[in-house]
Amino acid sequence: MKLVDTPPSRWDERIEFPMQSAGYAQAATALGHRPLFAEDERGIALVLIRRVPVPLLRGWTARAKVYAHARDAAFLLALVDKLRQLGVSHVRLGDAMWGVTGAMADDWRALRRVNYHVFVHDLRLHDEAMLAQVRAAVRRDIRKGMASVSVTEVRTAADLRDYLALAAQTGDRMRGHDLASVYPTPFFEAILREMVPRCQAAIFIARAGDIPVAGGLFMVSSDRFVYLHGCSTRNRSLTPKQGPSAMFWHAMRFARARGCTVFDMGAVTPTDDPNHPHYSVYQYKKGWGGELASVRSGELVMSALKYRFQELILAPMWNRLHPLYLRLFGGHQPARYRDTVASPTPALSHQERS
């Protein structure tokens, strides 16, 4: 198995989902990850390793997230063994965005299987059929939003500045509820520079006149359009314009025009408890109809002692200290990696891609 820190030749032509791409690997460096590219005849994976790169802590803090497609169950076993040799103490296989696909060993005792929940929509339906699945209140919000705001793709630096301003507002609200917001500006810059021109990602922004009110970032494959990040204003004079609803409806129709058949609204936590921190998100996405589906994932603890140290000491500090961590350690990728990433292709209009 090859496990290298530069994307092999024609890497993106062999991946299964954009979160395995060289562009996403570059964006992940802004989150403090070191990307590694794993491949052999049994499968392919992007590995993202994060650790605190200082003496003493370095050997106690290594964790890995793996986006893999395995044609043979032995691929994941061999990859995990490689990561153990690198000192990784915890491995997460996939997440709510994209779980493990392909083969996985049924008798893998060390693996704790994790299922995430997402709402998915069938984009093969026409507008009327899709709207029929939506609650009446959400249909009203869609109509109000489409009449009040315009939704366009983020393509320019000025567009991205507007999106980032909304993302900063949203991040402040999340931190106010003790929820981490871990996407710094270089992450979005890399997505726009590397993935949007390759049609691996799409970013939208909704504006009321010239004022940005909502935005969304999506990962795009040949058949799936998957929600990764959203942001919105909390200006009380602008929230009635229903920018998020207009953005989602526009994204659904855009995805269908691109030939996607599945629209994934992203992770939810099914709960009937109004006091749960994720209750409002679950109720909002549930109101759009769609099918509640599971995403297969998993995690492995490679060193119980190091894992307990991370959970007891580091995890409680992450929500508050991750901005400092990203300023110190995010975005540092080797020059040889930067040089291997292909220049983006010219941006295409929506009509040219449809």
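Per-residue answers, yes or no, for (1) more than 15 Å from His121 (Cβ to Cβ); (2) in contact with a Leu (Cβ under 6 Å, 6 or more places away or on another chain):
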{"site": "Leu238", "(1), (2)": "yes, no"}
{"site": "Gly243", "(1), (2)": "yes, no"}
{"site": "Met252", "(1), (2)": "no, no"}
{"site": "Arg256", "(1), (2)": "no, yes"}
{"site": "Val268", "(1), (2)": "no, no"}
{"site": "Asp272", "(1), (2)": "yes, no"}
{"site": "His276", "(1), (2)": "yes, no"}
{"site": "Ser280", "(1), (2)": "yes, no"}
{"site": "Trp288", "(1), (2)": "no, no"}
Discussion item. Return the residues of the range 214-244 that are among the polar types (S, T, N, Q) and within 20 Å of the chain's Cα centre (by Cα); say none if nothing qualifies.
Written reply: Ser221, Ser222, Ser232
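Taking the options Arg50, Arg92, Arg109, name whichever one is over 24 Å from Ile15 (Cα atoms) and either among the charged types (D, E, K, R) or surrounded by 18 or more Cβ atoms within 10 Å (Cβ to Cβ) (or both). Spell out the reasoning first.
Details: Arg50 fails: over 24 Å from Ile15 (Cα atoms); Arg92 fails: over 24 Å from Ile15 (Cα atoms).
Of the residues listed, the single one that is over 24 Å from Ile15 (Cα atoms) and either among the charged types (D, E, K, R) or surrounded by 18 or more Cβ atoms within 10 Å (Cβ to Cβ) (or both) is Arg109.
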Response to the item:
By residue number, the members of the range 212-240 that are over 24 Å from Gly290 (Cβ atoms), at pLDDT below 95 and surrounded by 21 or more Cβ atoms within 10 Å (Cβ to Cβ) are Thr233
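Conditions (1) within 29 Å of Ser297 (Cβ to Cβ); (2) part of a helix (DSSP H, G or I); (3) among the basic types (Lys, Arg), marked per residue:
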| position | (1), (2), (3) |
| --- | --- |
| His117 | yes, no, no |
| Met130 | yes, yes, no |
| Val134 | yes, no, no |
| Val138 | yes, yes, no |
| Ile142 | no, yes, no |
| Met146 | no, yes, no |
| Thr152 | no, no, no |
Item to complete: Scan the range 23-35 and give yes if some residue there is within 19 Å of Val114 (Cα to Cα) and assigned by TED's automatic domain parsing to the domain that holds Arg10, otherwise no.
Response: no
Discussion item. List the residue pairs whose Cβ atoms are under 7 Å apart, where the first residue sits in the range 295-307 and is outside any strand (DSSP E or B), the second is modelled with pLDDT of 90 or more and surrounded by 18 or more Cβ atoms within 10 Å (Cβ to Cβ), and the two are 6 or more positions apart or on different chains.
Written reply: Met302/Val88; Met302/Ser89; Met302/His90; Met302/Val91; Ser303/Ser89; Lys306/Ser89; Tyr307/Ser89; Tyr307/His90
Worksheet item: Has the range 77-87 got at least one residue that is modelled with pLDDT under 95, surrounded by 22 or more Cβ atoms within 10 Å (Cβ to Cβ) and not assigned by TED's automatic domain parsing to the domain that holds Ala202?
Response: no
Worksheet item: Could you give every pair whose Cβ atoms fall below 7 Å, whose first residue belongs to the range 8-23 and is part of a helix (DSSP H, G or I), and whose second residue is polar (S, T, N, Q), counting only separations of at least 6 or pairs across chains?
Response: Asp12/Ser21; Pro18/Gln200; Pro18/Ser221; Gly23/Gln200
Worksheet item: Is it the case that some residue within the range 58-68 is among the basic types (Lys, Arg) and part of a loop (DSSP other than H, G, I, E, B)?
Response: no
Item to complete: Please name all residue pairs, on different chains or six or more residues apart, with Cβ atoms under 7 Å, provided the first residue is in the range 110-134 and is under 30 Å from His90 (Cα atoms) and the second residue is surrounded by fewer than 16 Cβ atoms within 10 Å (Cβ to Cβ) and hydrophobic (A, V, I, L, M, F, W, C).
Response: His117/Leu292; Val118/Ala293; Phe119/Leu292; Val120/Ala293
Worksheet entry | Candidates His69, His121, filtered to the one that is within 30 Å of Tyr284 (Cβ to Cβ), surrounded by 18 or more Cβ atoms within 10 Å (Cβ to Cβ) and not hydroxyl-bearing (Ser, Thr, Tyr) | His121
Worksheet entry | Residue among Ala267, Ala246 that is more than 24 Å from Trp98 (Cβ to Cβ), in the same structural domain as Arg135 (by TED's automatic domain parsing) and modelled with pLDDT of 90 or more | Ala246
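I'd like the residue in the range 24-47 that is in a loop (DSSP other than H, G, I, E, B) and surrounded by 21 or more Cβ atoms within 10 Å (Cβ to Cβ) and, out of all such residues, is modelled with the lowest pLDDT.
Gly32
The values are calculated or read from the model by the stated rules, or taken from the named source; none is laboratory data. Computed from a prediction, not measured in an experiment: that's the story for all the values here. Please note: Cβ atoms are built from the backbone with ideal geometry, for glycine as well, and neighbour counts cover all protein chains shown.
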